[in-house]
Amino acid sequence: MKKPFFSILILFTVMILAACGSQTSGEDKKEIEKADQAVYDFIVAQVEGDHELFKKVLMEDAQGVLIDDRHANPDFEEKMGERYEVKRYDSHYNENKLYYYIKFFRPNHDELDYMNVLMVKDDDGNWKSTDIRGIERDEMREAMGDEEPVTVHEMKEDVGSE
């Protein structure tokens, strides 16, 4: 009698722990999706020269060069289309940091641009870039080590060469 009860109790405990774990993973997934969206907005701000959008995706101390109401290339997001790539490195997520490698087409220059971007969660829970120009390659390499990135978005209609 005790053996079946004990087995059911263990099974029930494992199910509860699995349910709690999947709930946390769901919350993490939503946070990561918010960070991925902020990186896409960062790309759009770069392509369009949209300083108001930059204010939403840059840490306040990185906004020094921004000009109110400047939007140099409206509608260039549509011209860029699916010609962008986003790769995310997750190893520092628990520190509220996500590193990204981005590649995107700049219609105004008819060329590809590449950046390494560090996104951090601010005090309000928003994901923001630490610098308008991204971070240096050496800083990225040091933080990532041998970690393989997750591809968030694959470039379509690849333009130019690497």
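The values are calculated or read from the model by the stated rules, or taken from the named source; none is laboratory data. Everything numeric in this text was worked out from a predicted model, so none of it was measured. Quick reminder, even Gly has a Cβ in these numbers, built from the backbone with ideal geometry, and neighbours come from all protein chains shown.
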Consider segment 111-162. How many of its residues are closer than 16 Å to LEU98 by Cα and hydroxyl-bearing (Ser, Thr, Tyr)? 3
Which condition number in (1) under 19 Å from the mean Cα position of the chain (by Cα); (2) at pLDDT below 95 is the one that TYR40 fails? (2)
Is it the case that segment 136-149 has a residue that's under 20 Å from HIS92 (Cα atoms) and either polar (S, T, N, Q) or in a strand (DSSP E or B) (or both)? no
Give the residues of segment 111-133 that are touching a residue at least 24 places away in the same chain (Cβ under 8 Å), part of a loop (DSSP other than H, G, I, E, B) and under 16 Å from VAL47 (Cβ atoms), sorted by residue number. ILE132
